[in-house]
Amino acid sequence: MKNFKIRDYATSFTTLMFLVIGISGVMMFFHFYDKYVKELHEILGLVFVVAALFHVIANWKAMKNYFSKKVFLFAITTTIVVSSVFVINSLGKGDNPKGVMMGRVLNGPSAITFQLLNGDYNKAVEKLKAQNIIVGEGKSISEIAKENKTSPFKIVSIVSSK
């Protein structure tokens, strides 16, 4: 078996990560098992970036020549224009509704959010006390979580559980 060079590893991992990221991205686009492949796609996307950087470094001499060609200038210009269109298009859409709703639930008065999540403020408070979580009067879920050194999502989970 021959000795592998960094170029061999970089090219192999870049190719394989490209395939996994490409396939999982297509699956997510068409909503085929997207909730199962989302984390895979995100984490291996980071691995892909590292592999691609090693690939560029390992092949720098050839890449330098490639970067000076007109086809590369065309590709980078097209990529910037298309990406800019997506970014500019998303600017007019306002805040993400899920983020707005989550912010209001976590930062609104607990009397309202507990009612929303549980249907009964007093039962929600009892559930939290059973878990040794102290609920301050008029506090938000975020404030309660901070004072009890826990996650606000844990509080939401406790309050909304059956």
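For segment 1-39, a residue qualifies if it is farther than 29 Å from Met63 by Cα and open to solvent by less than 90 Å² (accessible area, probe 1.4 Å), and the qualifying residues are Met27, Met28, Asp34, Val37. For Asp95, the conditions (1) outside any helix (DSSP H, G or I); (2) closer than 12 Å to Val159 by Cβ; (3) out of contact with any Phe, Trp or Tyr (no Cβ under 9 Å at 6 or more places or on another chain) are fulfilled apart from (2).
Taking the residues in segment 47-69 that are in a helix (DSSP H, G or I) and among the basic types (Lys, Arg) as candidates, determine which candidate is nearest to Ala10 (Cα to Cα). So, considering only residues that are in a helix (DSSP H, G or I) and among the basic types (Lys, Arg), the one nearest to Ala10 (Cα to Cα) is Lys61. Note on segment 50-73: residues that are closer than 26 Å to Val20 by Cα, of a type in the set (A, V, I, L, M, F, W, C) and open to solvent by 80 Å² or more (accessible area, probe 1.4 Å) amount to 4. Could you go through segment 98-107 and let me know if any residue there is modelled with pLDDT of 90 or more, open to solvent by 50 Å² or more (accessible area, probe 1.4 Å) and either more than 23 Å from Ile6 (Cβ to Cβ) or in a helix (DSSP H, G or I) (or both). Among the residues of segment 98-107, at least one is modelled with pLDDT of 90 or more, open to solvent by 50 Å² or more (accessible area, probe 1.4 Å) and either more than 23 Å from Ile6 (Cβ to Cβ) or in a helix (DSSP H, G or I) (or both), which makes the answer yes. The single condition from (1) free of Cβ contacts under 8 Å to residues at least 12 places away in the same chain; (2) within 25 Å of Val26 (Cα to Cα) that Lys61 fails is (2). Each residue in segment 115-148 was checked for being open to solvent by 40 Å² or more (accessible area, probe 1.4 Å) and either in contact (Cβ under 8 Å) with a residue 24 or more places away in the chain or within 15 Å of Arg104 (Cα to Cα) (or both), and 9 pass. Look at Ala111 and say whether it is touching a residue at least 24 places away in the same chain (Cβ under 8 Å) and under 30 Å from Leu16 (Cβ atoms). Here the answer is no, as Ala111 does not meet what is asked.
When segment 113-162 is limited to residues that are outside any loop (DSSP other than H, G, I, E, B) and charged (D, E, K, R), the one that is nearest to the chain's Cα centre (by Cα) turns out to be Lys154. Out of Leu44, Leu73, Leu19, one residue alone is part of a helix (DSSP H, G or I) and touching a helix residue (DSSP H, G or I) at 6+ places or on another chain (Cβ under 8 Å). It is Leu44.
The values are calculated or read from the model by the stated rules, or taken from the named source; none is laboratory data. No experiment lies behind these values; they were computed from the predicted model shown. Because the Cβ atoms are built from the backbone with ideal geometry, glycine has one as well, and the counts that use them run over all protein chains shown. Areas reflect the complete protein model, heavy atoms only, side chains present, ligands, DNA and RNA absent. Shrake-Rupley method; radii C 1.70, N 1.55, O 1.52, S 1.80 Å.
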